[in-house]
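Accompanying notes for the structure given below.
The values are calculated or read from the model by the stated rules, or taken from the named source; none is laboratory data. Only a predicted model underlies this, so the values are computations on that prediction, with no experimental measurement involved. Cβ coordinates were reconstructed from backbone atoms using ideal geometry, including for glycine residues, and neighbour counts include every protein chain displayed. These accessible areas exclude ligands, DNA and RNA; they are computed on the full protein's heavy atoms, side chains included. Shrake-Rupley method; radii C 1.70, N 1.55, O 1.52, S 1.80 Å.
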Amino acid sequence: MEDSIEKKQKRREFALASISELCPSSSSSSLPSPATASFSVDGSVPELQFHQESEKTKLQLSVDLQTAQLFKLGSVQSVCISDRSDVIIAETSFSKGVTVQFRTEEESEAFHCAFQQWKKEVNVQGRQLPNGTVSASKSKFDDKIESSSAKMYFHYYGQLLHQQNMMQDYVRTGTYYAAVIENRADFSGRVVVDVGAGSGILSLFAAQAGAKHVYAVEASEMAEYARKLIAGNPSLGQRITVIKGKVEDVELPEKADILISEPMGTLLVNERMLESYVIARDRFLTPKGKMFPSVGRIHMAPFSDEYLFVEIANKALFWQQQNYYGVDLTPLYGSAFQGYFTQPVVDAFDPRLLVAPAMCHVIDFTKTKEENLYEIDIPLRFIASMGARIHGLACWFDVLFNGSTVQRWLSTAPGAPTTHWYQLRCVLSQPIYVMAGQEITGRLHMLAHNAQSYTMYLTLSAKMWGPGAEQGGIIQTSSCKLDLKEPYYRMSQPQAYTLAQDQHSQPLINTQEIHIQHQKLEEPDILQQPSNSCTEIDSLLQNV
């Protein structure tokens, strides 16, 4: 193996401007004197060795290339992190992270190139990598997500205009800011990891709240913009390190006391970033650490919206033309009609369109397993509060920031201030009719796919109503299959709808008014999945 490496990579030693600890302890200090880095093979183990001497201190660091990771902090500055290292610094111990200062940008590029080639040679030789380290082969993320989807995803979030769209959602950004600043006791003096940091705004919030150090992990090109933004706020930026990479792959020099992230997509789970959030929890969070947010809830209720149904159905009228430049299009009308109903509708709607009280499905980010998010199965049961024609299932979500001082909800509910997530509606191509008091049952089954989203299967049924209903069964049923990846972005503002005589206004849902106790969230009966009604959970959260 040594011969193979030496043939492939001839340059073995590099001169450095200096090296220093990533997070210096009180008993050690940075060493600005020149240093060297050299690649070598000790027995069968390839190593990266750092050496530095000054009048007062001698530093020698040997890093196993199997576990070592190298990240750029700037054009001439990088950080090297390893799970295992042998260090001698006078009489003190050395942290697992070392900051490397290069003399020129060209020397930095040459060192990174050599590092990657030596690492690649190690992996090609088939050495076993321990858990939690990065391999040149496919990562866990790459194994479950197709490359074209990931490329588009990271390209999208690598653009400032899309970051601006999210930052200008003042319900979203303001709630995050309040949740962090109002819970300074949770952040002050703590190590924070920002999962999918984007522009770095949440990292800056954490630093404002007194975080000891923040590691901002971002896989897209937005990491470079985050570095610029953080560097432009030096009083906060000196406690923030931006690391470009996926949370599934990167290594950090220390465990986190707090995880903060904005992993929510449409219907909470779209884009499948919740899985990365859970992986970051398992890899980086201390046993008693906190997650901001810590709980998510998907709310669901049947709705009646004749305008929306007609709008979708009319899209297929194009295919009813019998003489389109001499071509009969009608053979495709049925397929086109059904195709339009495979798109979930993303918009803001009037909560008076709901025909039954909502129920919800709870996901506890602090406890759920990544695999639980691959398939989500939610039994549905509602009691119609009015007679209406049900056109489908309306969905929205909220998340909880369970701080030690203040508990705060971020809600996307209809009737609440509109967010960039809006709400989502699954529209049935065959509506069902119900009377007030009639039971509606069904199932929402979601299967994750490798395009970072879900295939949704919805079934709604109306049970027999009136005298003898106990002995009766299903009298109407309607089903549909939808792709959460391909929604219809209607995004209109709620319209003023005229209520029918038998229709009664429903109270607006205001989850911001829910008050909970931190200890109560630990009780397993609160987080059973799924619960029959959000009212049941809300009463549990209130009755402490």
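Based on this model, can you work out whether ALA358 counts as buried (at least 18 other Cβ atoms within 10 Å of the Cβ) and closer than 21 Å to TYR176 by Cβ?
Working: buried (at least 18 other Cβ atoms within 10 Å of the Cβ): yes; closer than 21 Å to TYR176 by Cβ: no.
When the stated conditions are applied, ALA358 does not pass them.
Give me the strands (runs of 3 or more DSSP E) completely within segment 361-446, filtered to those with at least 2 residues that are open to solvent by less than 10 Å² (accessible area, probe 1.4 Å), over 19 Å from PRO344 (Cβ atoms) and in contact (Cβ under 8 Å) with a residue 60 or more places away in the chain, ordered by residue number. Outline the logic, then answer.
Values: elements: 375-383, 388-402, 407-411, 423-434.
In segment 361-446, the matching strands (runs of 3 or more DSSP E) lie at 388-402, 407-411.
Right, ALA197: modelled with pLDDT of 95 or more and out of contact with any strand residue (DSSP E or B) (no Cβ under 6 Å at 6 or more places or on another chain) or not?
Spelling it out, it is not the case that ALA197 is modelled with pLDDT of 95 or more and out of contact with any strand residue (DSSP E or B) (no Cβ under 6 Å at 6 or more places or on another chain).
Name the single residue, out of those in segment 301-351 being assigned to a loop (DSSP other than H, G, I, E, B) and among the aromatic types (Phe, Trp, Tyr), that is surrounded by the fewest Cβ atoms within 10 Å (Cβ to Cβ).
For segment 301-351, the residue satisfying everything is TYR325.
Inspect all residues belonging to segment 200-212 and state whether any of them is touching an Asp or Glu at 6+ places or on another chain (Cβ under 6 Å), within 19 Å of PHE71 (Cα to Cα) and at pLDDT 90 or above.
yes
For residues that are surrounded by fewer than 22 Cβ atoms within 10 Å (Cβ to Cβ) and in a helix (DSSP H, G or I), tally how many sit in segment 177-216.
Number of matching residues: 7.
Let me spell it out: the conditions are (1) surrounded by fewer than 18 Cβ atoms within 10 Å (Cβ to Cβ); (2) at positive phi; (3) not basic (Lys, Arg), and GLU221 meets all of them except one. Which number is the exception?
Against the list (1) surrounded by fewer than 18 Cβ atoms within 10 Å (Cβ to Cβ); (2) at positive phi; (3) not basic (Lys, Arg), GLU221 comes up short only on (2).
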